[in-house]
Amino acid sequence: MKNICDLFLKNETNTSSLKYLTVFDKRFSYIFWVGYSGYLGINVERIKLVSAVIELKLTLALLAIT
């Protein structure tokens, strides 16, 4: 059985890295002027979502440094 998960963002964010979530869920549509927070309403296998979250965290950390 596959574990399907959604992604929850605690703080509002608008990083362009969110557009890559469409690779995992074609129904997700990234809009560059929208601030995303809370559940995004995506349906992704847990194992795939974990790697996406790690990438998002790295991107956000790099943005905070610069």
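Bear in mind these aren't lab numbers, they're just calculated from the coordinates by the rules spelled out. The structure presented is a predicted model; accordingly, all values stated were derived computationally and were not measured. Positions of Cβ are generated from backbone atoms using ideal geometry, with glycine treated the same way; all protein chains shown enter the neighbour counts.
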Between the modelled labels at Leu63 and Phe8 (7 Å from Cα along Cα→Cβ) the distance in nm is 2.1 nm
Measuring from the longest principal axis of the C-alpha atoms of the chain, the long axis of helix 46-65 (C-alpha) lies at a number of degrees, nearest 10, equal to 0 degrees
Whole-Hz Karplus couplings 3J(HN,Hα) for the range 13-18, θ = phi - 60° and coefficients 6.51, -1.76, 1.60, Gly and Pro as x, run 9, 9, 7, 5, 5, 5
When the chain is treated as a Gaussian network with springs between alpha carbons less than 10 Å apart, the largest mean-square fluctuation among Leu49, Leu40, Leu21 is found at Leu40
Only helices counted: for the chain, with every DSSP H run of 4 or more residues adding -39500 (n - 2.57) and the sum spread over all residues, [θ] at 222 nm is -10500 deg cm²/dmol
Any residue on another chain or 5+ positions along whose placed amide H is under 5 Å from the amide H of Cys5 is listed here as Val44, Glu45, Arg46
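Size of the dipole of the chain about the Cα centre, Lys and Arg at +1 and Asp and Glu at -1 on the beta carbon, nothing else charged, in debye to 20?
Numbers: 8 positive and 5 negative charges, 29 e Å.
With Lys and Arg at +1 and Asp and Glu at -1, about 140 debye.
Could you state the orientation-averaged shadow area of the convex hull built on the Cα atoms of the chain, in nm² to one decimal? Can you show the working numbers first?
On the way: hull surface 17.8 nm².
That works out to 4.5 nm², a quarter of the Cα hull's surface.
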Pseudo-spin-label distance Asn43 to Ser29, built 7 Å along Cα→Cβ, given in nm, is 1.8 nm
